[in-house]
Amino acid sequence: MPAPVDLACVVHCHSTYSDGTGTVGQIARAAQRAGADAVLLTDHDTLSAKERGEEGWYGTVLVCVGFEVSPVGRNHYLAFGLQEVIDHEGMSAGDIARAVAEAGGIGFAAHPFSRGSERFRRTRGMPFDDLECEAMTGIELWSWVTDTAERLGGFADAARFLSRPERFVDSAPARNLAAWDALCAKRPVVALGGIDAHQIGVRVGGRVPIRLMGYHRSFRHLRTHVLIDPPTGDAASDRDSVYAALRAGRCYLAVDSLAPARGFRFEEMGSTVSAPFRLRAHVPRPASLRLLCGGRLLLERHDVSLDYVAEEPGAYRVEAHLPAYGRRRSWIISNPVYVS
């Protein structure tokens, strides 16, 4: 079998079809400029980009069109692989997840741990109410914009984030990781890293001369890498391969602006295996590697690989950290291997 191909995907992005300021073509060009391989577009409650034939390959970038189920105030859900949007009126969080699954799609709770900003009172929380719903494929473990915005201590922090996000953001929120570990102890829950990119600004004559953070800048940082068979060039087939990898948990989060993560391996990631099982992980450059199970640290070493025999049941995952700008920063977060 051919070795899997690692596609670096920008997940959770909005275009002019909802509340973003860029067209699909502009977003694809921004992704190519940022070095990403794919964009998972998630406009609010619309598949207009798909319906107008804008899903597909744009040079080296694959645009996959999903949507964000968007009830007012909470329970937003990233849905992929559907031909129609979900009429969510009157639905609970669990109802939404079940509707997506019953229609044959996959779905991920968007910014599920959101609780709003203590400093900016007008920034309300946008949580997801039913994270234990078994119909849910997974969660947006780290929402780059939402999680960061809620941690800002004031306008000075906001200015630092907008000017140099790579210096300001150092790690995935610990409470998100702890909640995810608790979920994975009960059943497989796939984690994504999302941007929630809107390129907030003013659109004039097809361009956005005034913007807070351009798509290409936000696309440089947090990505979800999927491991798929070599792309065929057929957009529908390659899109389905991306979705299949996400469904199976053959994916990991990486902050590629710290260092390119392509080449990371965690054997049998996303799979359920029987104990005892030898866990093997490799990173493309030396890093602080941590192996965890249920949030409990089992092994930590500075190296390019780790090897551990799992003899107890649990969800085992790997983190890699790198030093940058005077602090240790999250670089890679794997999805688990589930040992039974």
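Structure data summary
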| read-out | value |
| --- | --- |
| Of Phe277, Phe67, Phe113, the one that fluctuates the most in a GNM where the chain has Cα springs shorter than 10 Å | Phe277 |
| Charge context of Asp129, other residues only, Cβ under 12 angstrom, K/R +1, D/E -1 | -2 |
| Heavy atoms of Val85: accessible area, 1.4 Å probe, square angstrom to 10 | 60 |
| Candidate residues Glu300, Glu89: accessible-area rank, largest first, probe 1.4 Å | Glu89, Glu300 |
| Largest-first ellipsoid semi-axes for segment 24-141, taking √(5λ) over the Cα gyration tensor eigenvalues, angstrom | 26, 19, 12 |
| Heavy-atom accessible area ranking, 1.4 Å probe, most first, across Arg187, Arg278 | Arg278, Arg187 |
| Positive minus negative residues near Leu62 (Lys, Arg vs Asp, Glu; Cβ under 10 Å) | -2 |
| Hull-based mean projected area of the chain, where the convex hull spans the alpha carbons, in square nanometres | 16.7 |
| Cα-centred dipole magnitude for segment 212-292, charges only on beta-carbon of K, R (+1) and D, E (-1), debye, nearest 20 | 420 |
| 5 angstrom amide H check on Val5, placed H, neighbours 5+ away | Ile228, Asp229 |
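The values are calculated or read from the model by the stated rules, or taken from the named source; none is laboratory data. Every value quoted in this text rests on a predicted model; they were computed, and no experiment measured them. Heads up, the Cβs are rebuilt from the backbone with ideal geometry, glycines too, and the neighbour counts pull from every protein chain shown. To get the accessible areas, we keep the full protein, side chains included, count just its heavy atoms, and leave off ligands, DNA and RNA. Shrake-Rupley method; radii C 1.70, N 1.55, O 1.52, S 1.80 Å.
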